[in-house]
């Protein structure tokens, strides 16, 4: 069914289709309409789920952790300071290996209070052990919820599906609602690898000692370090699991394709701009404009940010002379986290020898990090075009080499 | 060393039962030793007192005549020795323990049976 609605409704429809059994959420702008819609579905009997009203986001995720531990499919959603209020439970859900799905409707983090969009909230949670997917439009939101549950349950790792506040959450767009019959083929009922059982009581996630130890049955049990190593190992393996799930989805629904990265005109690009979320679709207009001027630019959207697709990204950038990383978040005191990740991925490839270049890093692309849209500052396509045009011509070896460093790294700053 | 690669759970998981936190007896620096000549139920041959059983935070003392201490799990906290009204329980340094039911530290006063 083809509908026109907003991004929060797309997410809610996805949650309904996914057969979620427990929803626990606390309202926060711009996530609120999503959870309101879910409570409407449940109240109207359109969705057979338990909606647990809670007094905080910390409790929302705690309720989902409990629900998921009993083998229920659980969902929550939040934004900004609500996400940060969950922080301790976010780590917990990952360490407990519970396949919870959470929509993060991206919003700037206070102080000062700011309800508008940037990515500081979810990017700051990148080290919690969750899988992070980013959607660029409403179709990716509704499809993404289904893929997120599939990925979470296949890996026993919780998934954040992040999408831009207002730019996606409150704008109306046409999208296809997946058919229930096809959803049933794609997303099988949740069969937990372990679920609490009143007849066989157990303590989960109890204190673990620094070393491995014998459990009560005499079997050698993991220490904390083994449990955390397995999380990392399974997260790295999730890169290929995510792609398998994407392929399966594409086969059933006829759309989708790349779970990790979304390249646009990158094949012959001399310059590539890397970004996350709806900004990467906006950048496609810039690509068209600059290509008309003879500047070979492409855009590479990062769809899966954790686990980070370093190898795929380095491969996608192997012929680029210059890389621009535009992000709506930063690791304060250094640079954008994505920019650091991109550089690290390229360095890893350089250490192995860039294809065709032999070992060494003399042919590594120039990487320029740019910050944009912090706190919802309008990102004008014309400004992006100007910045990238100037950036390309100022790239070492380019026409205006040397002027690049003089430009501000913060697009649109008015100091 | 045996690894945990094949362990059936991905995270920590405990069932109720003795020793799920490991064989905590190895934590012990001092060992409680019961002198049955002073211990009330042992002396009287009747169910009585059992204050050690009641106070033991790890439930490693049995409610038997005489009471028995499970040294696999006793951490040596000495609460039983502190609470025993007849001073029948002595804490003996593990370093002085012979392992044959006789504490070296007690030998001067003559061997003491140990449960």
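Each value in this text was obtained by applying a stated rule to the coordinates, not by laboratory testing. The model shown is predicted, which means the values in this text are computed figures rather than measured ones. With ideal geometry, Cβ positions are generated from the backbone for all residues, glycine too; neighbour counts draw on all protein chains shown.
Each Cα pair under 8 Å and six or more residues apart adds its sequence gap; the mean of these over the residue count of segment A:2-186 is a relative contact order of 29 percent. Packing, taken as the mean count of other beta carbons within 10 Å per residue, orders the peptides A:78-91, A:229-242, A:44-57 from highest to lowest as A:78-91, A:229-242, A:44-57.
Ordered by the count of other Cβ atoms within 10 Å of each Cβ, fewest first, A:364, B:54, A:304 give B:54, A:364, A:304. Once both labels are positioned 7 Å from their Cα atoms along Cα-to-Cβ, the gap between residue A:1 and residue A:211 label points is 6.1 nm.
The fewest-to-most ranking of A:185, A:107 by surrounding Cβ atoms within 10 Å reads A:185, A:107. Return one number: the angle in degrees, 0 to 90 and rounded to the nearest 10, between the long axis of the Cα atoms of helix A:138-155 and the longest principal axis of the Cα atoms of chain A. Here the helix axis deviates by roughly 60 degrees. Shape analysis of segment A:186-230 places it in the oblate category; the axes a ≥ b ≥ c from the Cα gyration tensor give an a/c of at least 1.5, with a/b not above b/c.
Working from label points 7 Å from Cα in the Cα-to-Cβ sense, the residue A:203 to residue A:293 distance is 6.5 nm.
Each of A:130, A:92 was scored by other Cβ atoms within 10 Å of its Cβ. Arranged with the fewest first, they read A:92, A:130. Could you tell me which of rounded, prolate or oblate describes segment A:1-131, using a ≥ b ≥ c as the square roots of the eigenvalues of the alpha-carbon gyration tensor, with rounded for a/c under 1.5 and, failing that, prolate when a/b is larger than b/c and oblate otherwise? In terms of gyration-tensor shape, oblate.
Taking a point 7 Å from the Cα of residue A:265 along the Cα-to-Cβ direction, the residues of segment A:292-310 with backbone N closer than 13 Å to it are A:292-300. Mean per-residue shielding of peptide A:201-212 is 4, counting Cβ atoms of other chains within 10 Å of each Cβ. Counting only other chain Cβ atoms within 10 Å of each residue's Cβ, the peptide A:223-232 averages 3.
Label sites at residue B:36 and residue A:88, each approximated as a point 7 angstrom past Cα along Cα to Cβ, lie 5.1 nm apart.
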